[in-house]
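Written out below as structure tokens is the structure these notes cover.
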There are 2 protein chains.
Amino acid sequence: MGVDMFQAIQEIRQALGEDGISTDNDDLKDHGYSEWSSINIDRLPTAVAYPKCTEEVAKIASICHKYKVPMIPYSGGSSVEGHLSASFGGVSIDFLNMKNIVAFHPEDMDIVVQPSVSWMDMNEKIQDSGLFFPVDPGPPAKIGGMIATNCSGTNAVRYGTMKDWVVNLTVVLSDGRIIKTRRRPRKSSAGYNLNGLFTGSEGTLGFITEATLKLAHIPEETGVAVTTFPTMRAAAKAATQVIHQGIPVGAVELLDNVQMGVINKMGGTGREWKKLPTLFFKFSGTKVGVDDNIQAVRRIVDQNGGSDFEFEQDKAKQATLWSARKEALWSMLCMRKSGNEVWSTDVAVPLSRVPDLVDISKRDLDDLGLFGSMLGHIGDGNFHETILFDGEREREKVSKAVHDMVHRALEMEGTCTGEHGIGLGKKEFLVEEVGENTLDIMKAIKASLDPHWLMNPGKVFDR
Amino acid sequence: MGVDMFQAIQEIRQALGEDGISTDNDDLKDHGYSEWSSINIDRLPTAVAYPKCTEEVAKIASICHKYKVPMIPYSGGSSVEGHLSASFGGVSIDFLNMKNIVAFHPEDMDIVVQPSVSWMDMNEKIQDSGLFFPVDPGPPAKIGGMIATNCSGTNAVRYGTMKDWVVNLTVVLSDGRIIKTRRRPRKSSAGYNLNGLFTGSEGTLGFITEATLKLAHIPEETGVAVTTFPTMRAAAKAATQVIHQGIPVGAVELLDNVQMGVINKMGGTGREWKKLPTLFFKFSGTKVGVDDNIQAVRRIVDQNGGSDFEFEQDKAKQATLWSARKEALWSMLCMRKSGNEVWSTDVAVPLSRVPDLVDISKRDLDDLGLFGSMLGHIGDGNFHETILFDGEREREKVSKAVHDMVHRALEMEGTCTGEHGIGLGKKEFLVEEVGENTLDIMKAIKASLDPHWLMNPGKVFDR
């Protein structure tokens, strides 16, 4: 540990108290390595700080700024692209003690929260109000990281992504200054849209210490439908037709045969599913509207060779029918044997290209002889591959499969990531996707807000 | 004209041809002064350039950059906050010749357009596809300016604002570099959200020369309802209750008694309206859904003392019923006599504060003895005052009314502008709204992209 680092830790300890900073080995490991991640590095953070409020975060930042020590934000820890890695060492800032709902304004349809609030807990707490927060990434995700990566989930086709739900942010800058992007109107044209800039900036421009989020009304009626197809292409075609016809589905998710087999094997859903490409639909609206939409979807499914169409409007039975979708990622992770690693990646393309993309990517995985499942938020052209592999022996092959999928997506005018972000893992693709000039603009913005590159350095792009 | 300016004009003429740049007096006046605007200045641009493509815009920018000449973008010219004013002289860049639909991808639900495409023309051209662009500002607005101001309109309560509909932008930077923010996925987490940053930056960071926009499905069924109330407060309360109950209205607009009287006087709608606070609703969805929603709104209206509830689902009759809302601003402008000026302004507040805001603002106008109307996109807490006044004699009084309304909105945690932008007119309020630190961040971003402050200088904030 260098002298500057040592000094910084001392001063943070002085400012926050003994519990405010840790250099315990397990703590460092927990904050610098993730088994969820498709990428991990050899380095760990040198310390982990535990601020309790915005002012303490600002204090940490000003100390790190003084000693030019890198800072890495940490909330849910469920990033899959190495966002939490300490590429240059430094202090991991865990928002663990900032998990309060600061204010709930049902009459304004918004809520003010700290970064480590869980979106699932939050929704449980406010459910009696008739309101909910509709962005639904993986269960461990916390609001801070959700904003930082501009995450989304199954509801995005209906409700949009994280950036669409931010009213204002309190942000600590690299030198410890505290800013608030906006007051609390649901709509504003006042000055630059800093909400839109900080959302998705992956902790490289500032750390979010408080956020006001819009809320939506819990729909009167919901429904779930599930149906199988002979091929991925047929399933994807049916899904895109549903979107093209403007049927307002709440979600439309595609799981491949491998994924369905894994769910059966792990047995978490209490039933046996056909090992075929399967579409899962959510519906919401009025009772009559949901009935209508289910029938409209059924017609499209039939026209595209779908079968075994099941649907439920009873709450408990809906949950059972949706369970396979819910258990998908978890089941994959449970398949891991000792020495196995997991590489989870996502891309997104214009809607019309989805059938081609899933079809080719599926064949590619098979040709390479890899054990991978495919899962798509197919309604907005976004889908995931999750590949289990045998450590170093298969890494190169997996890397090739991921590279090929990303290049295919870029050729189709798509993006190298629909919702996971760039992190460490996709830097090379970002420059390919947007070009040097656009990347230069991002770097110029970075340099203007964090001239010493102290905030989550090494993520999104290199200096 | 300085030597540098003269040289710049010469070089632009050389690059674009004789028609590419004008120094004609009427041209300068048309581009530097607007009767729509609440603010005009004594200075005009020195020249007006007419590029025909992105490359010509880039050429103009690189010439202006070389000679340090200010550039002001111009498309629809319907800004009300002086966005088009040439505060420091320079070249107004009119996108008049860039008004093509570049590509229409119905199967991807997006459209690629140049900055001077009219949103109304565009919707007419694509209507047979079953798709439409839902952001609906004033009829003269063009896509370039709509993005630059992050505009919205009556549909915002259902469909959001301009920033929610941008897939990618081609932008010319101050030194003539051309960037494209993204490829064409509807959803992406790849790198900084430059769409969100350029949208609403009022031409101060870069000029938009092409945009890909998302499209929405034309709803199966629509409806319109109109109802009057004894007071503004009662009308606003009814409107907020409609939102609170989650009734998915397409729009909910509040017009005050003055506005209704003006519409009667101008006679553009073919009927006589009651001179009372009036709510206008739009509905959309399925036939059954629209029926349901109209009845649900009617119940709320009745509970809040509303009367004369009328509704229509027949297309032609809907248009008649909506006509008063459509004619509102136009009718006000027609009331102008020689020497009259108009000051149109907007603010937005959290939903629960709307009844207080409209009630107090209304009384304030009356107390000052000013002739002003009020009109609100009340469903997202956004509303407008349009004041007709007698030139210099009443300017101070009008200015006071506007200042008071803005301060009231800020005290209610609102914003000084919901959709018009800052421009020249609201710079003093922006700093009050967001604070010096946040403004410094905006300025740092500005300086990083436009270090010589050549792009629309003097707008949003001062150097």
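Observations
- CD proxy at 222 nm, helix term only [per DSSP H run n ≥ 4: -39500 (n - 2.57); per residue of chain B; nearest 500]: -11500 deg cm²/dmol
- Backbone HN-Hα couplings from phi across region B:149-165 [Karplus 6.51/-1.76/1.60, Hz, Gly and Pro as x]: 9, 6, 6, 8, x, 5, 7, 4, 4, 9, 10, x, 10, 3, 4, 7, 10
- From the C-alpha gyration tensor of region A:363-439, square roots of 5λ in Å: 22, 16, 11
- Dipole size of the protein assembly as shown about its Cα centre, with +1 on Lys/Arg Cβ and -1 on Asp/Glu Cβ: approximately 220 debye, rounded to the nearest 20.
- Signed unit charges on C-beta, dipole axis of chain A, positive-most listed residue A:Ile247, A:Val288, A:Val3: A:Val288
- Surface per residue (accessible, 1.4 Å probe) for the protein assembly as shown, Å²: 35 Å²
- Cβ charges +1 (Lys, Arg) and -1 (Asp, Glu), total dipole of chain A, debye: 580 debye
- Degrees between helix A:54-67 axis and first principal axis of chain A (Cα, 0 to 90, nearest 10): 60 degrees
- Interface residues, region A:424-463 - accessible area loss of 20 Å² or more versus chain alone, probe 1.4 Å: A:Glu433, A:Val434, A:Asn437, A:Thr438, A:Ile441, A:Met442, A:Ala444, A:Ile445, A:Ser448, A:Leu449
- Taken over the alpha carbons of region A:35-112 as equal point scatterers, the Debye sum produces base-10 log I(q)/I(0) values at 0.14, 0.19, 0.25, 0.26 Å⁻¹ of -0.57, -0.86, -1.14, -1.19.
- In order along region B:364-375, the phi-based Karplus estimate (6.51 cos²θ - 1.76 cosθ + 1.60, θ = phi - 60°) of 3J(HN,Hα) comes to 4, 4, 4, 4, 7, x, 9, 9, x, 10, 10, 8 Hz; Gly and Pro are listed as x.
- Label point 7 Å beyond Cα along the C-beta direction, distances from B:Arg299 to other copies (nm, shortest first): 3.0
- Here r is the Cβ-Cβ distance between A:Asp24 and A:Lys52 and R0 is 25 Å; the resulting FRET efficiency, rounded to 0.05, is 0.85.
- A full extension of the chain between A:Glu220 and A:Ser129 corresponds to an added length of 31.5 nm, given 0.36 nm per residue minus the alpha carbon distance.
- Net +/- balance of residues flanking A:Cys151 in space, Cβ distance below 12 Å, scoring K and R +1, D and E -1: -3
- Dipole of the protein assembly as shown, positive direction: furthest Cα of B:Ala225, B:Thr23, A:His31, with charges on the beta-carbon: B:Ala225
- With contacts taken as Cα pairs under 8 Å and at least 6 residues apart, region B:101-217 reaches a relative contact order of 33 percent.
- Here r is the Cβ-Cβ distance between A:Arg298 and B:Lys337 and R0 is 60 Å; the resulting FRET efficiency, rounded to 0.05, is 0.45.
- By the Stokes-Einstein formula, at 0.692 mPa s and 37 °C, region B:101-217 with its Kirkwood radius over alpha-carbon pairs has D equal to 232 µm²/s.
- Per-residue HN-Hα couplings for region A:109-114 [Karplus 6.51, -1.76, 1.60; θ = phi - 60°; Hz; x = Gly/Pro]: 6, 9, 9, 10, 9, 8
- Normalised contact order of chain A, rounded percent, pairs of Cα under 8 Å and 6 or more residues apart: 16 percent
- Charge dipole of region B:355-463 about the Cα centre (unit charges at C-beta), most positive-ward option of B:Gly435, B:Asn382, B:Ile422: B:Ile422
- Given charges at beta-carbon only (K, R positive; D, E negative), |dipole| of region B:221-412 in Debye: 300 debye
- Nearest-first distances (nm) between copies at A:Gln7, label 7 Å from Cα via Cβ: 4.8
- Stokes-Einstein diffusion for region B:221-412 at 4 °C, viscosity 1.567 mPa s, with a Kirkwood radius from C-alpha pairs, works out to 77 µm²/s.
- Our analysis of chain A gives Rg over Rh at 0.97, with the two radii drawn from alpha carbon positions and Rh computed by the Kirkwood formula.
- If R0 is 35 Å, the Cβ-Cβ spacing of B:Met1 and B:Glu396 corresponds to a FRET efficiency of close to 0.50.
- Charge tally in the Cβ shell below 10 Å around B:Asn193, where Lys, Arg are +1 and Asp, Glu are -1, B:Asn193 excluded: +3
- Relative to the other identical copies, B:His407 shows label-point distances of 6.4 nm, where the label point lies 7 Å from Cα along the Cβ direction and values run shortest first.
- Label-to-label distance, B:Arg363 versus A:His403, with points set 7 angstrom from Cα along the beta-carbon direction: 7.2 nm.
- Mean projection area, nm², convex hull over Cα of region A:178-290: 11.7 nm²
- If you take all other residues with their beta carbon under 12 Å from the beta carbon of A:Ile12, and give Lys and Arg +1 and Asp and Glu -1, the sum is -1.
- Amide hydrogen neighbours beyond the local backbone of A:Val167, cut-off 5 Å, H modeled: A:Thr212, A:Leu213, A:Lys214
- Debye log10 I(q)/I(0) for the protein assembly as shown, one point scatterer per Cα, at q = 0.05, 0.11 Å⁻¹: -0.28, -1.42
- Note on region A:15-52 and region B:164-182: Cα centroid distance 38 Å, given to the nearest whole angstrom.
- A simple spin-label model places the labels of A:Ile101 and B:Gln313 3.8 nm from each other, with each point 7 Å out along Cα-to-Cβ.
- Full extension of the segment from B:Asn437 to B:Ile39, taken as 0.36 nm per residue of separation minus the current Cα-Cα distance, would add 140.6 nm.
- Distance between region A:411-463 and region A:335-377 - C-alpha centres, whole angstrom: 24 Å
- Heavy-atom accessible surface of region B:101-217: percent carbon and sulfur, 1.4 Å: 49 percent
- The rotation axis taking chain B to chain A passes closest to the C-beta of one chain B residue; that residue and the distance in whole Å read B:Gly196, 1.
The values are calculated or read from the model by the stated rules, or taken from the named source; none is laboratory data. For clarity, every value in this text was computed on a predicted model and none was experimentally measured. Don't worry about glycine lacking a Cβ; one is built from the backbone with ideal geometry, like all the others, and counts go over all protein chains shown. The protein model used for the area step is the full one, side chains on, heavy atoms only, and it has no ligands, DNA or RNA in it. Shrake-Rupley method; radii C 1.70, N 1.55, O 1.52, S 1.80 Å.
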